[in-house]
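Derivation of every value follows stated rules applied to the coordinates shown; laboratory data play no part. Everything quoted here is computed from the prediction, not taken from an experiment. Here Cβ is always computed from backbone atoms with ideal geometry, including for glycine, and neighbour counts include all displayed protein chains.
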Amino acid sequence: MSLDLPLVFTVLMGVSILAYVVLDGYDLGVGMLMPAADAAQQETMVASIGPFWDANETWLVLGVGILLVAFPVAHGFVLGYLYLPVVAMLIGLMLRGVAFEFRIKAVGWHRELWNWLFWFGSFLASFAQGFMLGRYITGFEAGFDYFLFSVMTGASVCGGYVLLGATWLVLRTDGALHDKALAWARWGLLWIALGVALVSLATPLLSETVRHKWFDFPATAPLMLLPLATGAAWLWVWVATGRLKRKAIAADWAPFAGAVAIFTLAFAGLAYSLFPYIVMDKLTIWRAAAHPSSLKVVLAGALVVLPLILAYTFVSYRIFRGKVSAPLYH
Amino acid sequence: MDGSEALFLARAQFGLNIGFHILFPTITLALAWLLVFFRVRYAQTRDPDWLATYTLWVKVFALTFAMGVVSGIVMSFQFGTNWPGFMRAVGNVAGPLLAYEVLTAFFLEATFLGVMLFGMNRVPSWLHVLSTVLVAVGTSLSAFWILALNSWMQTPAGHVFEEGVLIAGDWIEVIFNPSFPYRFTHMMIASGLTAAFVVAGLSAWRLLRAPDDRAARRTLRVGVVVAAVLAPVQILVGDLHGLNTLKHQPAKIAGIEAIWKTERGAPLVLFAIPDAQQQRNRWAIEVPKLGSLILAHDADAEIKGIDAFAPDAPPVAPIFFAFRIMVGVGVAMLALAWSGLWWLRGGRAAPRWLLWAFAGFTFSGWIATLAGWIVTEIGRQPWLVTGVLRTADAVGAISGAQLGASLTAYVLTYALMLVAYVVVLTHLAGAGTAGAPAGVADTRAEAVHA
C-alpha cells in the first residue's frame with residue numbers, strides 16, 4: 001500500500017494550525033484583555049503566558065512551513081490573495097512579541113506605551129487572522145458584502161480568542177482576577193456563538209460544494225452531530241463559568257477545556273467543508289502537493305521530531321503548572 | 001507599473017526584512033553559548049557575581065531573541081509572497097531544509113527559553129543548565145539549516161532533474177555543498193565576534209558610569225578575550241572562504257575586486273569608484289600583481305574579469321564597497337580587541353579612552369555582518385540559485401501598490417523596534433547587575449511561582 005503523502009501532510013498542517021489557534025489564541029486573548037485589568041492584574045496576566053507565548057507562536061511557523069513545503073503552489077496562491085491582512089497580522093505579532101519584552105524593562109510612560117502596543121498587537125494579529133479566515137472560506141471573492149463578512153469573522157475570532165484567554169486565566173489565576181475572567185469568558189462565548197453561526201450559515205449558502213457535502217441525504221444525519229456537539233460544548237462553558245462564579249464547583253479547568261472543544265469542533269467542521277480543496281473549488285491537495293521525494297524526507301524528520309516536541313512541550317507545561325500569583329518585583 | 005519596478009520593490013522589501021532579521025540571530029547565536037559559560041561558572045563556583053552576570057545577560061538575550069523570532073516569522077511568509085517562483089522551481093530542495101529548521105530548532109529554543117527565563121527557581125539546577133545548553137544548541141541548529149540552504153543557493157550541488165522537476169538526488173551533497181563549510185564557519189565566528197563586542201561594549205558602558213562594578217569588569221574581560229581570539233581566526237577563515245568563492249563563483253570575486261577585464265597578474269584595487277557604464281575604475285589606487293597573489297597565491301595567475309561573465313555578472317559597485325567596509329571594520333575590531341588585551345593584562349583596570357572605544361564599537365559586528373551579507377547576496381546576482389534560477393524569474397504577482405504600502409509599514413515598525421532595542425539595551429547595561437542583587441535570580445523568574 002502506498003502512502004497518500006498529500007493527505008498525510010494535510011492532516012499534519014491541520015493539526016499544526018489547530019494547535020496554533022488554540023495555543024496562541026489564549027495568549028493573544030490575554031493580550032486583548034489587558035486594558036480591562038488593573039496594573040497588578042496585568043502583571044499576573046503577562047506572567048501566566050510568559051514561558052509559553054514564544055513556543056505557541058512557533059506552531060504558526062510550522063503550519064505555514066508545511067503549507068510552503070508540501071503545497072508550494074497553494075502557499076503562493078493563498079498568501080498572494082491574503083497579502084495585506086498577512087502583513088497586518090505579522091506587524092501585530094511583531095509588536096505583541098517585542099512589547100512583551102520591552103514592557104517588563106521600561107518605566108513610566110514608556111511602559112504605558114508598550115502596554116498599549118501589547119494590546120494593539122494582540123488585537124491586530126487576532127483580527128487579521130479572523131479576517132483571513134473570512135476571505136479564505138469565501139474563496140477570496142471580491143465585493144463589499146464579502147469584505148463585511150470578513151470583518152465579522154475578524155471580530156468573531158477576536159471574541160473566540162478572548163474566550164480562550166479568559167478561560168486560561170480562570171485556570172491559571174485566583175482572587176479578583178479569576179472572577180473577572182469568568183465574566184470575560186461569557187462575553188467571549190457570545191462572540192464566538194455569533195462567529196460560528198455566521199460561518200455555518202454563510203458557507204453552505206455561498207458554496208454549492210459545501211451545501212452538497214452537508215445536506216445531501218443520508219450524510220446529513222450523522223453530520224448534524226458536529227453542530228450538536230459544538231452547542232453542547234458551548235453550553236458546558238456557560239454552565240461551568242456560572243457554577244464557578246457561585247463557587248458551586250472548583251473545576252477551574254472546565255471552561256478552558258470547553259473552549260478548546262469549541263475550537264476543535266468548529267475547526268473539524270471547516271476542514272470537512274473544504275476537503276479535499278486547499279483553495280476552495282479551485283485547487284485540491286493532490287494537485288498542489290510538492291514532489292513525493294521531498295515530502296518523504298520531511299515526513300521522516302517529522303515522525304522522529306514531533307513526538308519529542310510534544311514531550312518537551314508537555315514537560316514545560318508541567319514545570320509551570322498551578323496558579324500564578326502577582327509578581328514580587330513591585 | 002512594469003515588471004522591473006515590482007522586482008525592485010520585492011527585493012527592497014525582502015532585503016529590508018532579512019537585513020533587519022539577521023541583526024538579532026547574529027547576536028543570539030553566540031550569546032547563547034556565552035550564557036552557557038556564565039551559567040556553568042555559576043553552577044561550579046556558586047559565586048553570586050556569576051549569577052548576577054547570567055541574570056543580566058539573560059535579559060539581553062531574551063530581548064534580542066524576541067526581536068529575531070518576530071522578524072523571522074515575517075520571512076516564512078515572504079518566501080511565498082515575494083518569491084513564489086523560488087518555491088516552484090527549487091521548493092523540493094529548499095522546503096525540507098526549512099522544515100527541518102522549524103522542527104529541530106525553533107520549537108527546541110522557544111520551549112527551553114521559557115524554562116531558562118522563568119524556571120530557575122522551579123527546576124533542579126541541572127535541568128536549568130541543560131535548558132540553557134538546549135537553547136544554545138537550538139540556535140546553532142537553526143543557523144546550520146538556514147546556512148545550508150543559503151549555501152546551496154550559492155553553490156548548488158546534489159540535485160537532479162526528474163522530468164524537468166528539480167529534486168534532491170543526494171541530501172548529504174545538498175547540505176554539505178561546496179561553500180557550506182566555509183560559510184557556516186565564517187558566520188558562526190562572525191556571530192562570536194558580534195556578541196563579544198556587544199558584551200564588551202555594554203560592559204564598558206557600565207564601567208564608564210560605575211568603574212568599580214566587578215561583574216562588568218569581568219564581562220568586559222570575557223568579551224575582549226573572545227574577540228581577540230576570534231578576530232584573527234576570522235581573517236584566516238575569510239581568506240579560505242574567498243578561495244572557495246573564486247573556485248565556485250568567480251564572477252562574485254571579479255565584482256569584489258572590481259576587475260573588469262580578464263588579465264594575468266591582476267592588481268589589487270585598494271580603492272576606486274567602479275564605473276559600470278564604461279566598465280572601468282575611476283580614481284583607482286592599485287597594488288600591481290597583488291590581486292593575483294592574494295586570490296590565487298601566484299603573482300602571475302590569470303584572474304577572470306567581469307567581461308568573462310557578462311551579462312550574468314553582479315553589479316560591481318555595491319559589492320566592491322561592501323567588501324571593503326566588512327574588511328575595514330574587521331581589521332578595526334582586531335586592532336581594538338588586541339589593544340584591549342594589552343591594556344587589561346594581568347587584571348589591570350581599563351583606561352577610560354579604551355572603555356569609550358569599546359562602547360563605541362558595541363554594534364560594530366552588525367556593520368561587518370550586514371556588509372558581508374550584501375557581498376554574498378548581491379554578489380550572486382543575477383541568480384537566485386546560481387545557474388539554476390534567476391531572481392527576476394522568481395518574483396511574484398503582488399502589485400507595486402501593495403508592496404509599497406507594506407514596505408512603508410515594515411520600515412516604520414522596524415525603526416520603532418530598533419530604536420527601542422538600542423535604548424533598552426543601553427539602559428539595562430547602564431544599570432548593570434545592580435538591579436539583580438546576589439541570590440535573586442532573574443526578577444521575572446519570581447513572577448511565576450507555585
(message) Which three extents, in angstrom, do the Cα atoms of region B:166-250 have along their principal axes, listed largest first?
(response) 60, 25, 15
(message) I'd like the orientation of helix B:180-209 relative to chain B: the angle between its Cα long axis and the longest Cα principal axis, in ° from 0 to 90, rounded to 10.
(response) 40 degrees
(request) Measure out, as a whole number of angstrom, how far apart the alpha-carbon centroids of region A:184-204 and region B:45-75 sit. (result) 41 Å
(message) If I fit a long axis through the Cα atoms of helix A:72-81 and take the longest principal axis of the Cα atoms of chain A, what angle between them do I get, 0 to 90°, rounded to 10?
(response) 60 degrees
(request) Report, in deg cm²/dmol and to the nearest 500, the calculated mean residue ellipticity at 222 nm for chain B, where each DSSP H run with n ≥ 4 adds -39500 (n - 2.57) and the sum is divided by the residue count. (result) -23500 deg cm²/dmol
(message) Nothing charged except the Cβ atoms of Lys and Arg (+1) and of Asp and Glu (-1): what's the magnitude of the dipole of chain B about its Cα centre? Round to the nearest 20 debye.
(response) 1580 debye
(request) Would you mind calculating the gained length between B:Leu270 and B:Asp307 on full extension (0.36 nm times residue separation, minus the Cα-Cα distance), in nm to one decimal? (result) 11.3 nm
(request) May I ask for the angle, rounded to the nearest 10°, between helix A:109-137 and the longest principal axis of chain A, with both axes built from Cα atoms and the value confined to 0 to 90°? (result) 20 degrees
(request) Using a 10 Å cut-off on Cβ to Cβ distances, tally the other chain neighbours for every residue of A:80-91 and report the average as a whole number. (result) 6
(request) Please grab the % of Cα pairs in region A:100-236 that end up more than 26 Å from each other. (result) 40 percent
(request) Partner chain Cβ atoms within 10 Å, averaged over the residues of A:101-109 - can you pull that number for me? (result) 5
(message) With loop defined by DSSP as not H, G, I, E or B, and exposure as at most 11 other Cβ atoms within 10 Å, which is the longest segment of chain B clear of exposed trypsin sites (Lys or Arg not before Pro)?
(response) B:47-347
(request) Over the whole of B:79-90, what's the average partner chain Cβ count within 10 Å per residue? Rounded to a whole number, please. (result) 5
(message) Which of B:Ala228, B:Ala32, B:Ala335 ends up with the largest GNM mean-square fluctuation for chain B, with Cα atoms connected below 10 Å?
(response) B:Ala335
(message) Beyond 27 Å, how much of the Cα-Cα pair distribution for chain B remains, as a whole percent?
(response) 58 percent
(message) Which log10 I(q)/I(0) values does the protein assembly as shown give at q = 0.08, 0.09 Å⁻¹ under the Debye formula, counting every alpha carbon as one identical point scatterer?
(response) -0.71, -0.89
(message) I need the peptides A:281-288, A:130-137 ranked by packing, meaning the mean over residues of other C-beta atoms within 10 angstrom, with the highest value on top.
(response) A:130-137, A:281-288
(message) Between A:Trp109 and B:Arg46, what is the label-point separation in nm under the 7 Å Cα-to-beta-carbon projection?
(response) 4.9 nm
(request) Just tell me which lysines come within less than 21 Å, Cα to Cα, of B:Lys289; anything on the same chain fewer than 8 places away is out. (result) B:Lys247, B:Lys252, B:Lys261, B:Lys304
(request) Can you bin chain A into rounded, prolate or oblate? Criterion: square roots of the alpha carbon gyration tensor eigenvalues sorted a ≥ b ≥ c, rounded for a/c under 1.5, prolate for a/b above b/c, oblate for the rest. (result) prolate
(message) For region A:203-328, I need the span (max minus min coordinate) of the C-alpha atoms along each principal axis, in Å, sorted largest to smallest.
(response) 55, 41, 25
(request) Using a 10 Å cut-off on Cβ atoms, rank the peptides A:264-271, B:366-373, B:194-201 from the highest mean neighbour count down. (result) B:194-201, B:366-373, A:264-271
(request) Take the alpha-carbon centre of region A:245-288, take the same for region B:137-162, and report the distance between them in whole Å. (result) 36 Å
(request) Would you please classify the overall shape of region B:16-168 from the alpha carbon gyration tensor, given that a ≥ b ≥ c denote the square roots of the eigenvalues, rounded means a/c under 1.5, and beyond that prolate means a/b larger than b/c while oblate covers the rest? (result) prolate
(request) Once you have a ≥ b ≥ c as the square roots of the Cα gyration tensor eigenvalues for region B:304-438, tell me rounded if a/c is under 1.5, and otherwise prolate or oblate according to whether a/b is larger than b/c. (result) oblate
(message) Could you tell me the calculated FRET efficiency between B:Asp239 and B:Trp343, based on Cβ-Cβ distance and R0 = 25 angstrom, to the nearest 0.05?
(response) 0.30
